[in-house]
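Comments concern the structure below.
We did not get these values from a lab; they are worked out from the coordinates using the rules stated. As the structure is a computational prediction, the values presented were derived from the model and not from experiment. With ideal geometry, Cβ positions are generated from the backbone for all residues, glycine too; neighbour counts draw on all protein chains shown.
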Amino acid sequence: EARDPHQREFLQAVKEVMDSVWPFVEEVPHYAEQGLLDRLVEPERVIQFRIPWTDDEGVVRVNRGWRVQHNSALGPYKGGMRFKPDLTLSVLKFLAFEQTFKNALTTLPLGGGKGGADFDPKGKSEGEVMRFCQSLVLELSRHVGPHTDVPAGDIGVGEREIGFMAGMARKITNSAEAVFTGKNLSFGGSHLRKQATGYGVIYFTERMLARRGESLEGKSIAISGAGNVAQHAIEKAMQHGARVVTASDSSGAVFDPAGFDEEKFAALQHIKNVERGSLETYAEKFGLAFEKGKHPWGAKAEIAMPCATQNELMEKDAKTLAENGTRYVVEGANMPVSADALEVFKEAGVCFAPGKAANAGGVAVSGLEMSQGSMGLRWPREEVEQRLQSIMCEIEESCAVYGTKNGDCVNYVDGANVVGFTRVADAMLAQGVT
Ligand code: NDP
């Protein structure tokens, strides 16, 4: 805390991991050697840079960009770029730290990183977004590369932004080698990368339920968010016969006890992805209840899946959900559940899966996109889907092996932290003090 006094999110993430792994480190003392823990919490490199660009009125604007290269013991740094006006270095350091363990859980040879800018893509023209992305890459390209650091998308960065960045990177470096994942299929993308995180969350949930003799069929799910992760979680949940009764965005939350169907889902995608509009418009179109500026945690649902952003489900929300009968909480977003809320779930016997395990499907398919790129081929959709499914199953299994039992529910937090930690720690110890 003395070292990073204003980095609340980063300290929160470090504390959560250390709480899990400390008892384990005490039992296996060799993990305390070589200053390992001190090295593990310190990013290998943090880059901060200026992003000047010209808006449609000819006015020069200046944003701040970052890339946090947290740990490369397992492979090139890998993690998304986030565009959000309130983005801070603390948020990016927490995300890069978490990403290191998440990537280790996939078993793919990927280190951990994260980056972004305090830029708001909302309300900007296509030309402005493109000029911004190009200016960002003019600097970022010095620090990334297929064997160094391979960024992807995150909040505010979808296929369009990745296309603009990858295009400029290709031009500057005079090389078509992929330095981004999440690319469009027309130029080196992988099938299912867009869907991977949301689908992966559902595959993980399915395994979690199966372990207790249950399935998704007929279950009610409260989902937050309406972006990439939320949309694909909704789509896959519907395919599994579940009833998704909420969605949310920065304008508020929509409640739909009957649940999404194909028509509503298509309308949601059109409003969010094509019109780039708000959920309020969606709620009006279907005459659904809408709560302005709220999260959807007042809903009655057996499963809650926060898929929007960090710290969006707080202690009071956790109490409401537990009182309303929620029995499973699965994080689609990164650290959406606060530490206090997590305690509430523990006490109430709610089965909880952390994002670093449940939402690893995105980075897993990014890893598969890199493999396809380096082999110069593209696997069919079915093959990618089958690989994604088996990676999510393996992650669930490995958490279950290491996670202590809390009642009849696996402690996925400890399981994910210990498994991720041992993989990164073993690689670091084998490479000496670097
Ligand atoms: P998107 O930008 O596609 O969607 C984010 C959604 O969350 C939007 O609907 C946005 O609302 C909403 N949102 C953002 N901030 C807030 C807030 N403060 N209050 C309420 N709603 C908010 O991002 P993704 O779906 O890609 O990412 C969502 C989460 O999942 C993030 O935590 C991300 O780190 C994590 N994640 C993403 C992966 C990926 O592959 N994309 C991989 C693993 C994790 P609005 O539409 O109004 O902007």
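Report the gain in length on full extension from residue 294 to residue 250: 0.36 nm times residue separation, minus Cα-Cα distance, nm rounded to one decimal.
Gain on stretching residue 294 to residue 250: 15.0 nm.
Whole Å is fine, so just give me how far the alpha carbon centre of the range 335-394 lies from that of the range 156-191.
If we compute the Cα centre of each part, the gap is 22 Å.
Considering only lysines 8 or more places apart in sequence, or on different chains, count the pairs in the range 276-346 whose C-alpha atoms sit under 25 Å apart.
So the count works out to 13.
Which Cys residues of the chain have no other Cys beta carbon under 4.7 Å away?
133, 307, 393, 399
Quick check on my link table: of 171/356; 171/236; 194/356, which ones sit more than 29 Å apart, alpha carbon to alpha carbon?
Correct reply: 171/356; 171/236.
Tell me which of 163, 105, 365 sits at the most positive position along the dipole axis of the chain, charges placed on C-beta atoms (Lys, Arg +1; Asp, Glu -1).
163
Using a 7 Å offset from the Cα along the Cα-to-Cβ direction at both residue 32 and residue 64, what is the distance between the two label points in nm, to one decimal?
Output for this residue pair reads 3.7 nm.
Please compute the length gained on full extension between residue 258 and residue 54, using 0.36 nm multiplied by the number of residues separating them and subtracting their Cα-Cα distance.
68.8 nm
Nearest 500 deg cm²/dmol is fine: what mean residue ellipticity at 222 nm does the chain get from its DSSP H runs of n ≥ 4 alone, each adding -39,500 (n - 2.57), divided by its residue count?
-14500 deg cm²/dmol
Rank 231, 306, 270 by how far each Cα sits towards the positive end of the charge dipole of the range 204-318 (+1 on Lys, Arg Cβ; -1 on Asp, Glu Cβ) and give me just the farthest.
About the Cα centre, the residue reaching furthest to the positive side is 306.
Where in the range 278-299 does the amide nitrogen come within less than 17 Å of the point 7 Å from the Cα of residue 214, taken along Cα to Cβ?
299
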